[in-house]
Amino acid sequence: MPNVRDTLGIERNYPLEEDSTTIYRLVEADLIEEIAGEEIRAPQTLPRSGTEVFVADPTEIVKALGLANNESAGLFIGKTASGTNTSIVLKRETIQRHMFICGTTGSGKSYAMGVIAEELSKHKLPIVFIDTQDEYSVLVKKLGGQVVEPGKDFKIRISSLTESELLDLLPEAMKKSSLQCDIVAKAFDELQADLKRGDLPKFNLDDLLEKIKEVAPELTAKEGDVQRVTEQQ
Ligand SMILES: Nc1ncnc2c1ncn2[C@@H]1O[C@H](COP(=O)(O)OP(=O)(O)OP(=O)(O)O)[C@@H](O)[C@H]1O
Ligand SMILES: [Mg+2]
């Protein structure tokens, strides 16, 4: 890449890298933690320009990132890919918090999730995958788990859904019509009310379809929307 001197035709006034004993490198770094004596704490001091830069050793990296020291003590995610060779081991208590795996497409998010699952399994912790893209069934089987498919291996009763969950399941074309959504919602709400009162022990899709036949004329008549409904049918 041509530099400014080359472009402007200015002669170089410094030795080439291979002839020089002093090599300058420009790097950008973000402060994560600072070491003050024995203590590692949140950065409180602004680094001065010209300050010497040290490469952190594995012990400092582990301390600064709040990691565990020993691979079997926590979730061993892997080793650093470059720089100081350090094992990245999340502390066991990390699992009690939320985790967020982010990265660009193909950067290894799903793979990292698989590694975490293997590590959780190593600690004999139960795992449930809600796997909408069937990415993990091979791993689940390998770890001795069971793969179940909704609709085939288990069903969710319609009466256990909330109104918005049910409306979410409607076909896209139906979602565009507020009248059709209102009809489904009203039928569902009436059945839910029956359920709460104890008039019904549970209800299924057939009950909902029957109820829709009941409430639809009420709603369409009230809104003077009969024509719209016939058009859409
Ligand atoms: N730590 C790793 N070691 C070896 N191979 C890896 C590692 N992480 C990811 N890969 C490989 O890189 C490829 C992409 O990884 P992965 O599918 O996990 O990425 P992703 O971030 O989930 O992608 P997407 O955004 O498409 O979901 C896969 O072939 C995976 O096997
Ligand atoms: Mg992925």
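Read-outs throughout are calculated quantities, based only on the coordinates presented, and are distinct from any laboratory measurement. Computed from a prediction, not measured in an experiment: that's the story for all the values here. Counting neighbours? That spans all protein chains shown, and the Cβs are built from the backbone with ideal geometry, glycine included.
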Revision key, fill the gap. Among VAL138, VAL215, VAL115, the residue with the largest mean-square fluctuation in a Gaussian network model of the chain built from Cα contacts under 10 Å is VAL215
Practice item. With just the Cα atoms of the stretch 120-198, tell me how far they stretch along each of the three principal axes, in Å, largest first. Key: 51, 34, 21
Revision key, fill the gap. Between ILE40 and SER137, the FRET efficiency computed from the C-beta separation at R0 = 35 Å comes out, to the nearest 0.05, as 0.25
Study note, to complete from the structure: The longest stretch of the chain containing none of the GluC sites (Glu not before Pro) that sit in a DSSP loop with at most 15 other Cβ atoms within 10 Å is 136-233
Check your understanding: What is the dipole size for the stretch 95-154, taken about its Cα centre, with +1 at each Lys and Arg Cβ and -1 at each Asp and Glu Cβ, in debye to the nearest 20?
Key -> 240 debye
Review point. Which whole number of Å³ per residue matches the convex hull of the alpha-carbon atoms in the stretch 1-90?
Key: 168 Å³
Check your understanding: Can you give the helix-only mean residue ellipticity at 222 nm for the chain, where every DSSP H stretch with n ≥ 4 adds -39500 (n - 2.57) and the sum goes over all residues, rounded to the nearest 500 deg cm²/dmol?
Key -> -11000 deg cm²/dmol
Check your understanding: Expressed in nm to one decimal, what extension gain is obtained for the pair CYS102 and MET174 from 0.36 nm per residue of sequence separation less their Cα-Cα distance?
Key -> 22.5 nm
Check your understanding: Taking Cα pairs under 8 Å and at least six residues apart, what relative contact order does the chain come out at, in percent?
Key -> 8 percent
**Study point:** Relative pair counts by distance (%), Cα atoms of the chain, 10 Å bins
**Key:** 5, 17, 17, 15, 15, 13, 10, 6, 3, 0
Review point. Using a Gaussian network model of the chain with C-alpha springs under 10 Å, which one of ILE77, ILE61, ILE32 is most mobile by mean-square fluctuation?
Key: ILE32
**Study point:** Estimated dipole of the chain in Debye, rounded to 20 [Cβ of Lys and Arg +1, of Asp and Glu -1, Cα centre]
**Key:** 560 debye
Check your understanding: Stokes-Einstein at 20 °C, 1.002 mPa s, Kirkwood radius from Cα pairs: D for the stretch 158-226 in µm² s⁻¹?
Key -> 173 µm²/s
